[in-house]
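Engineer: Once you've had a glance at the structure underneath, I'll fire off some questions.
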Amino acid sequence: MSKLRTNKHAGQYWWRGAAIGALVAGGFAFAVGASASNAAEETNRNKALLDRLVAAYPDFFVSHDDNSLTWKDGTAMPFDDGKGEKTFEALLNKPDLEDQFYAPYPLGHAGIPPGFNIDPGRVRYGPFFAKMYGDCSRGEVTGKLVDIVWLPKHVGSRLKVTSVNGVAERLKAVSDELDALPEELIKYLTPSAGTYNCRVIAGTERSSMHGFGAAIDINAKFSDYWRWAKGDAKGHYPYKNRVPWEIVEIFEKHGFIWGGKWYHYDTMHFEYRPELFP
């Protein structure tokens, strides 16, 4: 009896062990398959984003591989630094090229109000822009600046903007379209709060897009900025905006993103970032 009971239990243990082994093996195979699928998805996503960078800045890039962007001078710039998920502060202060795309930029009326810490375009990989536009602290930007006439029918003021990537021509096209808007909208646009300014972003050590000559601030009197608002203990800020959609849509049409689509909003601010548009 004892022997039969032992053999019986041994058979049960063997069956259970085999079943568990099969489950473990199956689970492992599933995990490996899922991992391979995720890796393939990430590779395809990165390729699409690298394609977008090459297409957005054709004067500077010739190609890319799976994880680097090739400049026309032969420089290979890494896309993903391999550090995985980052805190929001790390995204801002220690980003890689991939991190610039951490939040998709929503076109048109979408994305308002933005979700917590959703700042599409506010994450910028400094070496990327410095190599493209120059480092203003080293005097590399001023020689590339040109004057455009801002709202010639209404104001006719001159603004300095970079000629790199055709930014000046694009901002002139924006100006011409804005100049044709109804009179009641012109007050939001003039006087401009500035274009080129070799400085860091307020409260940070990060270079401003104004330092590259690739950004413009419209009239601050009718604008809102998260640093002017009173946040709570958790860093939550009430969203505010007074800039009409007609203005935003014209800027976006010409490749400029709007700071009003950031959780940390800056509604006077527009910068040339064509890679963020689908």
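The values are calculated or read from the model by the stated rules, or taken from the named source; none is laboratory data. As the structure is a computational prediction, the values presented were derived from the model and not from experiment. All Cβ positions, glycine included, derive from the backbone under ideal geometry; neighbour counts span all protein chains shown.
Engineer: Within the stretch 159-214, track down each residue that is within 15 Å of G255 (Cβ to Cβ), of a type outside the set (A, V, I, L, M, F, W, C) and touching a His at 6+ places or on another chain (Cβ under 6 Å).
Structural biologist: Once the filter is applied, which keeps residues that are within 15 Å of G255 (Cβ to Cβ), of a type outside the set (A, V, I, L, M, F, W, C) and touching a His at 6+ places or on another chain (Cβ under 6 Å), the stretch 159-214 yields only R170.
Engineer: Out of contact with any Phe, Trp or Tyr (no Cβ under 9 Å at 6 or more places or on another chain) and either within 24 Å of L276 (Cα to Cα) or not polar (S, T, N, Q) (or both): which single residue out of F101, F116, F129 fits that description?
Structural biologist: F101
Engineer: Restricting to the stretch 226-252, give me the number of residues that are free of Cβ contacts under 8 Å to residues at least 60 places away in the same chain and on the phi < 0 side of the Ramachandran plot.
Structural biologist: 16
Engineer: Return yes when E89 is outside any loop (DSSP other than H, G, I, E, B), modelled with pLDDT of 90 or more and surrounded by fewer than 12 Cβ atoms within 10 Å (Cβ to Cβ) and no when it is not.
Structural biologist: Here the answer is yes, as E89 does meet what is asked.
Engineer: Output the residue which, of all residues in the stretch 62-75 that are surrounded by 13 or more Cβ atoms within 10 Å (Cβ to Cβ) and hydrophobic (A, V, I, L, M, F, W, C), is nearest to the chain's Cα centre (by Cα).
Structural biologist: Ranking the qualifying residues of the stretch 62-75, first place goes to L69.
Engineer: Out of everything in the stretch 122-157 that is farther than 30 Å from A103 by Cα and among the aliphatic types (A, V, I, L, M), what residue ends up being modelled with the lowest pLDDT?
Structural biologist: V155
Engineer: Additional query: Among the listed residues G259, G194, which satisfies the condition of being surrounded by 18 or more Cβ atoms within 10 Å (Cβ to Cβ), assigned by TED's automatic domain parsing to the domain that holds M132, at pLDDT 95 or above and under 27 Å from A130 (Cβ atoms)?
Structural biologist: Answer to the selection: G259.
Engineer: So which residues in the stretch 33-61 are surrounded by 15 or more Cβ atoms within 10 Å (Cβ to Cβ), in contact (Cβ under 8 Å) with a residue 12 or more places away in the chain and not charged (D, E, K, R)?
Structural biologist: N46, L49, L50, L53, V54, A56, Y57, F60
Engineer: Hey, another quick one. So if I check each of A130, A110, which one is assigned to a helix (DSSP H, G or I), closer than 26 Å to D51 by Cβ, of a type in the set (G, A, S) and outside the structural domain of N67 (by TED's automatic domain parsing)?
Structural biologist: A130
Engineer: Could you count how many residues in the stretch 228-248 are within 20 Å of the chain's Cα centre (by Cα) and surrounded by fewer than 20 Cβ atoms within 10 Å (Cβ to Cβ)?
Structural biologist: Qualifying residue count, the stretch 228-248: 1.
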